[in-house]
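Below you'll find the structure, written out as structure tokens, and then a few comments.
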Amino acid sequence: MFETIRYVVKDNIAWLYLNRPEKLNAFVAKMNHEVKEAIKSASFDEQVRCIVITGEGRAFCSGQDLSEVDEQMDHGQVLRDHYGPMLKQISKCEKPIVAAVNGVAAGAGFSLALACDFRIVSERASFLNAFIHVGLIPDSGNLLYLTQLVGHSKALELSVFGEKIPASAAVEMGLANLLISEETWPDDVTAYATKLAALPTKAIGLIKKSLKAVSNLSFEDYLELEAQGQRVAGLTMDHREGIQAFMEKRKPVFSGK
Ligand code: LHQ
């Protein structure tokens, strides 16, 4: 049913493959829309407890398809109409989202990786804030997420010089969580997603919500949000299972409920 992505649900994991390999998985409006729809579907699917976004072929995503850009294009409106809805859908998703960065992530492709909760990278991966090379500013939430990960000064440097960041450097500077070797990719990606999918899914959603609120709330309001979140977590079956398993000196088996 999708044309620009491939979407597969297996063993509690939703796999979303960006699928325009001949253009290094560059974004067209349809792909923005299909990514949004796939994330929405995964959010509502009770089977799904982890989402993985990756690229077909040798790239993760090369950003906006530049062959679609012409003088008539209102870039701001493209962001409002196509990228914004996709990013909002990702942001409100309560399930863990992993960017499995298999190759280059450039421009809005870098932004997409930044919008995910975790970035795991293959040795072939790289990040590139390519916008400056076409006279643009980083968009699609890029600077918002980038400053949270690497701070103001480094975000400025990466955006102004637009140099390629190799996978190992990305891990060193806190842009990526884990470097995976070529030989064990994609098995290690599956293992990472499987580990996330076996954790208390509802608690993960509440942790994501609390973290997003950190910089926007007063101390008092944050403590109240935390209390509300913990009340909800305290009512889950996974909480009950965690306590029971501890008392019975065994490993917990979480259901995500
Ligand atoms: C591509 C692309 C591409 C089309 C590779 N488009 N064909 C938002 C709102 C509105 C408007 C504007 O933008 C935005 C946000 C943005 O994302 S702006 C930034 C857009 N992205 C870029 O500027 C990156 C452009 N691509 C590159 O710099 C390189 O292709 C990278 C560094 C990603 C990869 O380099 P290589 O590994 O050397 O591959 P390549 O350049 O040879 O590309 C392979 C093919 O893919 C090639 O086609 P061809 O027919 O010659 O084989 C490229 O034309 C095509 N391709 N990126 N974004």
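Of all accessible surface on region 190-256 at a 1.4 Å probe, what whole percent is carbon and sulfur? List each step's numbers first, then the result.
Details: 3130 of 4840 Å².
Ligands and nucleic acids excluded, carbon and sulfur reach 65 percent.
Computed over neighbours whose Cβ is under 15 Å from that of E182, the net charge equals -2, Lys and Arg +1, Asp and Glu -1.
Rolling a 1.4 Å probe over the protein heavy atoms gives the chain an accessible area of 54 Å² per residue.
Gain on full extension, evaluated as 0.36 nm per residue between K88 and E172 minus their Cα-Cα distance, stands at 27.4 nm.
Across region 5-197, the relative contact order, built from alpha-carbon pairs under 8 Å that are at least six residues apart, equals 20 percent. When each of the peptides 226-238, 174-186 is scored by how many other beta carbons lie within 10 Å of its residues on average, the order from highest to lowest is 174-186, 226-238. Across the cross-link table entries K212/K251; K209/K249; K30/K92; K36/K164; K95/K212, which are compared at the Cα atoms, the separations over 25 Å belong to K212/K251; K209/K249; K36/K164.
For the chain, the equivalent ellipsoid derived from the Cα gyration tensor has semi-axes of 32, 21, 18 Å, listed largest first. When a 1.4 Å probe is rolled over the protein heavy atoms, the share of accessible surface on region 5-141 that falls to carbon and sulfur comes to 50 percent.
The values are calculated or read from the model by the stated rules, or taken from the named source; none is laboratory data. What you see is a predicted model; the values in this text were computed from it and never measured. Here the Cβ is made from the backbone with ideal geometry for all residues, glycine too, and neighbour counts use every protein chain on show. Side chains included, ligands, DNA and RNA excluded: accessible areas come from the protein's heavy atoms. Shrake-Rupley method; radii C 1.70, N 1.55, O 1.52, S 1.80 Å.
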